[in-house]
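Remarks on the structure that follows.
The values are calculated or read from the model by the stated rules, or taken from the named source; none is laboratory data. This one's a predicted model, so the numbers in the text were calculated from it and none came from an experiment. Methodologically, a virtual Cβ is constructed for each residue, glycine included, from the backbone with ideal geometry; neighbour enumeration extends over all protein chains shown. All accessible areas refer to the heavy atoms of the entire protein, side chains included, with ligands and DNA or RNA removed. Shrake-Rupley method; radii C 1.70, N 1.55, O 1.52, S 1.80 Å.
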Amino acid sequence: MSLPIDDIRRLADLHQKPRHLHFQYGTAGFRTIGENLESVMFKVGILAGLRSKRLDGHTIGVMVTASHNPEPDNGVKLVDPRGEMLEASWESHATALANAADTDAFIEVLKNLVKTLKIDLSKPSRVVYARDTRPSGPALVAALEDGFTALGVEARNAGVTTTPILHYLVRAINTKSTKDTYGDDSVEGYMQKLSTAFKKLVAGKPASPPLIIDCANGVGAEAAATLSKYLGESLPLILLNTETTTPGALNHACGADFVKTQQKIPPSLSSHIKAGQRACSLDGDADRLMYFYLDDRSQFHMLDGDKIAALVAAFIVDLVKSAGLENEVRVGIVQTAYANGGSTKYLSERLPVRCVPTGVKHLHHAAERYDVGVYFEANGHGTVLFSPETQATLAEHQPSTPAQSTALNHLINLTQVINQTVGDALSDMLLVEVVLAHRSYSGVEWDSLYVDLPNRLVKVVVPDRSIFKTEDAERRLVSPSGLQARIDDLTRKYEAGRAFVRPSGTEDVVRVYAEARLRAQADELAYRVAGLVYDETGGDPATRPGEFL
Ligand code: NG1
Ligand code: ZN
């Protein structure tokens with residue numbers, strides 16, 4: 001069987017690549033201004049179909065979103081059959097297809113792929129797809145659907161939903177009626193699974209005061225509203241920033257990325273939040289989560305991905321011990337260089353900690369190597385993975401006391417409340433609420449597990465970020481030569497100073513991170529390192545260091 005060239009050609013002609021643009025499938029898939037992405041969507045439709053054929057007709061996911069980016073941006077990423085990110089070796093195939101200049105070139109690349117990857121075109125191809133609430137979404141989805149039509153893909157439209165729900169659906173569809181069944185393959189199935197496990201985990205605990213959720217004016221607002229109905233009185237939620245149809249509102253002065261990068265409360269929440277009341281922010285596709293609270297003096301306290309990892313990991317370790325499984329089940333943590341030094345110190349005194357390069361695929365794969373792998377990026381993206389062996393151990397273990405039995409049941413329910421396919425703001429939120437309820441913690445006690453070092457993240461626009469090469473999980477530069485030594489000389493002058501420079505995988509910038517004992521020192525170190533980067537590369541004068549955060 002060969003490719004349906006006529007259908008592909010006819011539809012490809014309708015979705016021509018803009019001449020001047022180069023696309024790259026990076027850590028977040030393809031991501032750029034939405035109106036430039038139509039040709040990419042069409043091609044991704046075909047690529048997803050081919051990947052499904054290559055994997056024997058297993059269902060592949062396609063998510064149309066630009067996450068925490070501003071509203072004019074959009075993007076697309078593929079999801080592999082177990083609900084995980086696309087296998088890394090296919091990223092370059094995606095890039096090659098997206099950059100084929102015209103229909104002829106595109107068909108050539110397709111034929112080559114089919115040949116070199118030995119794709120059996122007679123296999124079925126199945127895809128499930130969804131989008132977030134961005135205005136550019138419908139047109140892009142239409143282009144994606146043309147890609148499905150061109151290849152004859154059996155495509156299931158999951159409508160407007162969050163990234164993690166789409167990942168859940170992919171896994172649920174592919175494990176349906178198997179021993180690894182993940183849940184019913186519907187949004188209701190997801191809601192039912194999470195809320196049922198949550199209710200069991202908090203049964204008998206005093207009711208929590210209401211939790212404020214900043215929904216970033218994105219698709220998380222709809223999912224959170226549905227979840228709230230399933231949770232009922234077990235967790236009262238107050239949903240704010242739910243304006244999914246107001247132009248320009250998405251991620252604007254709100255959401256998880258705003259909270260993390262600005263290190264302050266979204267102004268839209270100020271009049272709603274009382275001293276001590278906990279609140280959290282989702283990002284635009286609900287896969288990142290940031291908690292925070294205001295203290296009695298209205299001081300803002302941020303509980304980011306590192307604080308979530310610390311809270312959750314310690315809780316799981318305690319449950320493993322109480323269940324009598326400390327010799328069988330080893331809990332470990334995965335972080336990136338952006339993890340606050342305070343968190344790394346706290347965690348490594350208690351657990352094995354690994355540092356990996358930025359990007360969910362690195363974290364996820366490293367976490368799979370532990371029996372229970374807890375991974376969170378400081379920006380609030382993360383989850384907990386229980387290895388198949390550990391899940392079997394939990395299912396088979398015979399507790400010898402009632403206390404062991406209770407702890408074991410809690411662990412089993414945690415495997416259900418946690419979305420193990422990908423970071424999931426709503427699932428992570430339930431997980432945090434479980435731990436807070438069990439520990440009787442408010443934000444204050446949680447925050448006091450360790451003290452964050454003041455830190456600053458800045459970006460520098462440079463003519464060519466590809467000259468920046470790193471090693472040691474991106475903590476050191478190997479190129480441009482000599483720059484790392486100058487960063488080291490500078491960093492040594494600051495108490496508890498740490499700084500590193502890496503090229504972004506999602507934006508055309510170089511990122512500079514610095515932390516130090518005192519706020520003013522962290523800021524100064526960040527700006528001085530940014531200055532070094534700027535001097536090295538003759539950065540764009542419009543973006544001198546110190547003028548951007
Ligand atoms: P880049 O642009 O490579 O720094 C950003 C985030 C990552 C990850 C990806 C994917 C920071 C500093 N970087 O990557 O952690 O979330 O986006 O969305 O937060
Ligand atoms: Zn996101």
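In Å, the Kirkwood hydrodynamic radius of segment 190-299 over pairs of distinct alpha carbons? Don't skip to the answer; put the middle values down first.
Working: mean 1/r = 0.0693 Å⁻¹.
Hydrodynamic radius (Kirkwood, Cα only) of segment 190-299 equals 14.4 Å.
Using DSSP to define loop residues, name the chymotrypsin sites (Phe, Trp or Tyr not before Pro) in segment 63-159 whose beta-carbon has at most 15 other beta-carbon atoms within 10 Å. Walk me through the intermediate numbers first.
Values: sites: 90, 106, 129, 148; in loops: none.
Those that pass, being in a loop and sparsely packed, number zero.
Rounded to the nearest angstrom and ordered from largest down, what semi-axes does the equivalent ellipsoid of segment 306-447 get from its C-alpha gyration tensor (root of 5λ)?
Details: eigenvalues 107, 58, 39 Å².
Ellipsoid semi-axes (Å, largest first): 23, 17, 14.
How would 193, 123, 115 line up by accessible area, probe 1.4 Å, largest first? List each step's numbers first, then the result.
Working: 193 30, 123 70, 115 155 Å².
Correct descending sequence by accessible area is 115, 123, 193.
So for the pair residue 485, residue 192, with labels modelled 7 Å out along Cα→Cβ, what separation do we get in nm?
Here the modelled spin labels are 6.5 nm apart.
Say R0 is 22 Å: what FRET efficiency, to the nearest 0.05, do residue 469 and residue 89 get from their beta-carbon distance?
Working: r = 21 Å, r/R0 = 0.96.
Here the calculated transfer efficiency is 0.55.
So between residue 178 and residue 492, what do we pick up on full extension, going 0.36 nm a residue minus the alpha carbon distance? Write out the running numbers ahead of the final one.
Values: separation 314, 0.36 × 314 = 113.04 nm, distance 5.61 nm.
107.4 nm is the gain from fully extending residue 178 to residue 492.
What does the charge dipole of the chain about its Cα centre add up to, to the nearest 20 debye, if the Cβ of each Lys and Arg holds +1 and the Cβ of each Asp and Glu holds -1?
Numbers: 58 positive and 67 negative charges, 113 e Å.
About 540 debye.
Summing +1 for each Lys or Arg and -1 for each Asp or Glu, what net charge is found among the other residues whose Cβ lies under 15 Å from the Cβ of residue 9?
Numbers: positive: 10, 17, 43, 111; negative: 6, 7, 13, 102, 104, 108, 146.
The answer is -3.
Under 14 Å from the 7 Å Cα→Cβ point of residue 504, by amide nitrogen: which residues of segment 452-487?
457-466
For 453, 37, what's the largest-to-smallest order of accessible area, 1.4 Å probe?
Values: 453 25, 37 0 Å².
Output order, biggest surface exposure first: 453, 37.
What is the extension gain from residue 451 to residue 101, computed as 0.36 nm multiplied by their sequence separation minus the C-alpha to C-alpha distance, in nm to one decimal? Please list the in-between numbers first.
Numbers: separation 350, 0.36 × 350 = 126.00 nm, distance 5.22 nm.
Net length gain for the segment: 120.8 nm.
With every protein chain present, what accessible area does residue 178 have (1.4 Å probe, heavy atoms only), rounded to the nearest 10 Å²?
The value for residue 178 is about 60 Å².
Just how far, in whole angstrom, is segment 326-384 from segment 30-46 if you go by their alpha carbon centroids?
33 Å
Taking segment 320-381, which GluC sites (Glu not before Pro) meet the DSSP loop condition and have no more than 15 other C-beta atoms within 10 Å? Write out the running numbers ahead of the final one.
Values: sites: 326, 328, 349, 368, 377; in loops: 326, 328, 349, 368, 377.
Qualifying residues, ordered by number: 326, 328, 349, 368.
Subtracting the Cα-Cα distance from 0.36 nm times the residue separation, let me have the gained length for residue 233 to residue 156 in nm, one decimal. Numbers along the way, then the final one.
Working: separation 77, 0.36 × 77 = 27.72 nm, distance 3.38 nm.
That pair, residue 233 and residue 156, stretches by 24.3 nm at full extension.
Give the span of the chain's Cα atoms along each principal axis, as three whole-Å numbers ordered largest to smallest.
Projected onto the principal axes, the Cα atoms of the chain cover 65, 60, 46 Å.
Out of all DSSP beta bridges with both ends in segment 190-299, state the antiparallel percent to the nearest 5.
Values: 4 of 11 bridges.
In segment 190-299, approximately 35 percent of DSSP beta bridges are antiparallel ones.
With a 1.4 Å probe and all protein chains left in place, how much of the accessible area of segment 434-546 comes from carbon and sulfur atoms, in whole percent? Could you put the intermediate results ahead of the total?
Working: 2590 of 5190 Å².
Ligands and nucleic acids excluded, carbon and sulfur reach 50 percent.
Return one whole number: the accessible area per residue of segment 190-299 in Å², for a 1.4 Å probe. Don't skip to the answer; put the middle values down first.
Values: 4450 Å² over 110 residues.
Using a 1.4 Å probe on heavy atoms only, each residue of segment 190-299 averages 40 Å².
Enumerate the amide H contacts of residue 241 below 5 Å, restricted to partners 5 or more residues apart or on another chain; note that Pro and chain-start residues carry no placed amide H.
Under 5 Å from the amide H of residue 241 lie the amide H atoms of 215, each far enough along the sequence or on another chain.
What ranking of 433, 222 comes out by heavy-atom accessible area, probe 1.4 Å, highest first? Don't skip to the end; give the middle numbers.
Details: 433 5, 222 80 Å².
I get 222, 433, largest accessible area first.
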